[in-house]
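So the structure is just underneath, and the comments pick up after that.
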Amino acid sequence: MVKGKILVTGGAGYIGSHTTVELQNAGYDVVIVDNLSNSNADVIDGIERITAKRPTFYKNDCNDRVAMRKVFEQEKDICGIIHFAASKAVGESVQKPLLYYRNNIDSLLTLMELMPEFGVKGIVFSSSCTVYGQPDILPVDETAPIKPALSPYGNTKQINEEIIKDTIHSGVDYKAVILRYFNPIGAHPSAEIGELPNGVPQNLIPYITQTAMGIRKELSVFGDDYNTPDGSCIRDYINVVDLAKAHVIAVDRMLTGKSEEQVEVFNLGTGRGVSVLELINAFEAATGVKLNYKIVGRREGDIEKVWANPEKANNVLGWVAAEKLEDTLASAWKWQVKLRERGIM
Ligand code: NAD
Ligand code: WQD
């Protein structure tokens with residue numbers, strides 16, 4: 001039985017593709033809108049290979065109101081939206097702030113303006129632990145203060161959260177769920193889909209897997225003089241399939257009217273802080289591959305340590321991050337090996 005039709009913006013991207021798989025497995029029809037600015041259409045084939053079902057795909061820009069209206073008209077009965085589409089490179093956002101403000105804010109405005117016209121019941125928004133900056137209390141929960149953003153990218157997440165809250169409080173007839181992801185990593189266990197960064201990776205895991213593959217000479221560990229047990233930064237690394245499953249639960253809850261509040265916020269993390277050096281050891285243990293790395297100076301703008309208090313998502317959504325770190329790292333490596341076999345990387 002089909003549960004309903006969900007519009008997944010950015011569904012050809014890393015988290016969106018994994019979420020599309022889980023939505024389809026759970027009985028939803030999925031309509032993807034992606035402009036392929038940071039992905040490619042082969043991902044749709046990967047989703048089909050995993051689920052034996054091809055999501056409907058529109059190559060459109062979410063900021064294009066005319067094109068988006070056509071999607072809603074054509075698809076008729078979209079009941080919910082998961083809005084992943086955004087530009088996400090922190091460093092680039094410092095260089096090109098207008099691109100980030102335009103892309104990340106306009107797309108949300110466009111969708112939220114169209115929702116009432118087409119009777120869409122709710123929107124799930126991809127936010128980030130970046131809104132907490134360096135939290136005063138760890139693990140950080142959803143009541144922690146929002147800290148001044150360290151980049152235009154981070155600022156777009158804060159502004160988008162405010163746009164959602166203000167709009168919901170103005171009395172619109174739909175619901176919203178804000179999901180604050182910690183550090184998503186890994187790939188689908190089939191290795192049919194995974195993370196495919198453009199150019200030199202800025203994030204730790206793709207840098208590690210590309211170094212292990214010999215594409216990069218060595219990993220630079222940014223700082224070993226932080227106030228942490230081994231001196232390297234601490235993060236909460238969350239498996240991307242676990243993360244995707246949380247979206248399905250959030251959509252179920254939003255559409256079946258179970259949520260008590262019209263707008264809800266959830267941290268999605270494991271609750272476990274892992275340092276960069278611990279992560280390198282875990283990767284080597286999980287894959288048997290030795291990693292070349294050196295310690296270098298701190299990276300500007302890095303937070304020293306942050307990990308989630310995921311109790312609200314555990315208790316209210318009934319969701320837990322189930323995958324073990326070692327298995328997640330093994331899945332990232334399997335994906336990298338598959339990319340090599342396919343001649344992509
Ligand atoms: P991604 O770049 O892999 O996926 C985003 C997708 O959106 C891409 O396929 C891109 O082509 C598409 N896109 C961008 N702008 C668009 C537009 N205007 N119209 C249509 N499509 C557009 O990124 P991801 O890692 O999957 O991230 C998904 C969401 O989660 C983003 O909003 C990101 O900010 C957020 N997030 C990501 C992380 C992370 O570490 N990956 C952490 C926290 C939050
Ligand atoms: C993780 C750790 C680095 C690369 C970013 C965004 C954040 C969110 C997730 C979207 C840090 C260290 C990294 C390397 C290293 N995205 N590192 N060598 O910085 O936690 O968060 O992605 O919302 O907004 O800022 O993730 O993967 O870049 O870094 O030592 O080559 O790995 O210093 O401690 P980060 P990351």
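Surrounded by fewer than 17 Cβ atoms within 10 Å (Cβ to Cβ), more than 17 Å from the chain's Cα centre (by Cα) and of a type in the set (Val, Ile, Thr) - does that describe any residue in the range 72-85? The answer is no, given that none of the residues of the range 72-85 is surrounded by fewer than 17 Cβ atoms within 10 Å (Cβ to Cβ), more than 17 Å from the chain's Cα centre (by Cα) and of a type in the set (Val, Ile, Thr).
Taking ILE344, is it more than 16 Å from ligand 2 (Cβ to nearest atom), among the β-branched types (Val, Ile, Thr) and within 30 Å of MET112 (Cα to Cα)? When the stated conditions are applied, ILE344 does not pass them. So which residues in the range 122-154 are aliphatic (A, V, I, L, M), near ligand 2 (Cβ under 10 Å from one of its atoms) and in contact with a strand residue (DSSP E or B) (Cβ under 9 Å, 6 or more places away or on another chain)? Of everything in the range 122-154, just one residue is aliphatic (A, V, I, L, M), near ligand 2 (Cβ under 10 Å from one of its atoms) and in contact with a strand residue (DSSP E or B) (Cβ under 9 Å, 6 or more places away or on another chain), namely VAL131.
Let's see how each residue does on (1) touching a helix residue (DSSP H, G or I) at 6+ places or on another chain (Cβ under 7 Å); (2) buried (at least 19 other Cβ atoms within 10 Å of the Cβ); (3) of a type outside the set (Ser, Thr, Tyr):
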position	(1), (2), (3)
HIS169	no, no, yes
ASP173	yes, no, yes
ARG180	yes, yes, yes
HIS188	yes, yes, yes
GLU192	yes, yes, yes
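Within 16 Å of ligand 2 (Cβ to nearest atom) and in a loop (DSSP other than H, G, I, E, B), is that true of SER87? Here the answer is yes, as SER87 does meet what is asked. Every listed requirement among (1) within 30 Å of ARG235 (Cβ to Cβ); (2) of a type outside the set (Gly, Ala, Ser); (3) not in a helix (DSSP H, G or I) is met by VAL120 save one, (1). Taking the range 168-208, which residues are without any contact (Cβ under 8 Å) to a residue 40 or more places away in the chain and part of a loop (DSSP other than H, G, I, E, B)? Those that are without any contact (Cβ under 8 Å) to a residue 40 or more places away in the chain and part of a loop (DSSP other than H, G, I, E, B): SER170, GLY171, PRO197, GLY199, VAL200, PRO201, ASN203.
Look at (1) within 12 Å of ligand 2 (Cβ to nearest atom); (2) part of a strand (DSSP E or B); (3) surrounded by 20 or more Cβ atoms within 10 Å (Cβ to Cβ); (4) more than 14 Å from the chain's Cα centre (by Cα) and you find that GLU264 fails only one, number (1). The conditions of being buried (at least 16 other Cβ atoms within 10 Å of the Cβ) and either of a type outside the set (Val, Ile, Thr) or assigned to a helix (DSSP H, G or I) (or both) are not met by ALA285. In the set (1) in contact (Cβ under 8 Å) with a residue 12 or more places away in the chain; (2) assigned to a loop (DSSP other than H, G, I, E, B); (3) among the basic types (Lys, Arg), the condition left unmet by LYS258 is number (1).
Within this structure, ILE50 passes the test of being β-branched (Val, Ile, Thr) and in contact with a Ser or Thr (Cβ under 6 Å, 6 or more places away or on another chain). Scan the range 16-48 for residues that are within 8 Å of ligand 1 (Cβ to nearest atom) and either free of Cβ contacts under 8 Å to residues at least 40 places away in the same chain or touching a strand residue (DSSP E or B) at 6+ places or on another chain (Cβ under 6 Å) (or both) and jot them down. Hits for the range 16-48 are GLY16, VAL33, LEU36. The residue that is surrounded by the fewest Cβ atoms within 10 Å (Cβ to Cβ), counting only those in the range 1-38 that are touching an Asp or Glu at 6+ places or on another chain (Cβ under 6 Å) and not in a strand (DSSP E or B), is VAL2. Being within 16 Å of ligand 2 (Cβ to nearest atom) and modelled with pLDDT of 95 or more holds for only one residue in ASN35, ASN104, and it is ASN104.
Scanning the range 290-298 turns up one or more residues that are surrounded by 13 or more Cβ atoms within 10 Å (Cβ to Cβ), part of a loop (DSSP other than H, G, I, E, B) and among the hydrophobic types (A, V, I, L, M, F, W, C).
Do we have any residue at all in the range 86-100 that's crowded, with 18+ Cβ neighbours inside 10 Å and under 26 Å from VAL316 (Cβ atoms)? Yes, because at least one residue in the range 86-100 is crowded, with 18+ Cβ neighbours inside 10 Å and under 26 Å from VAL316 (Cβ atoms). Determine whether the range 108-125 contains at least one residue that is among the aromatic types (Phe, Trp, Tyr), surrounded by fewer than 19 Cβ atoms within 10 Å (Cβ to Cβ) and farther than 18 Å from GLY13 by Cα. Yes; the residues of the range 108-125 include at least one that is among the aromatic types (Phe, Trp, Tyr), surrounded by fewer than 19 Cβ atoms within 10 Å (Cβ to Cβ) and farther than 18 Å from GLY13 by Cα.
The sole residue among ILE238, ILE280, ILE249 that is in a strand (DSSP E or B) and touching a Phe, Trp or Tyr at 6+ places or on another chain (Cβ under 7 Å) is ILE238. The number of residues in the range 75-95 being closer than 16 Å to LEU150 by Cβ and away from ligand 1 (no atom under 13 Å from the Cβ) comes to 3.
The values are calculated or read from the model by the stated rules, or taken from the named source; none is laboratory data. It should be emphasised that the depicted structure is a prediction, and the values quoted were computed from it without experimental measurement. Virtual Cβ from ideal backbone geometry, glycine too; neighbours counted across all protein chains shown.
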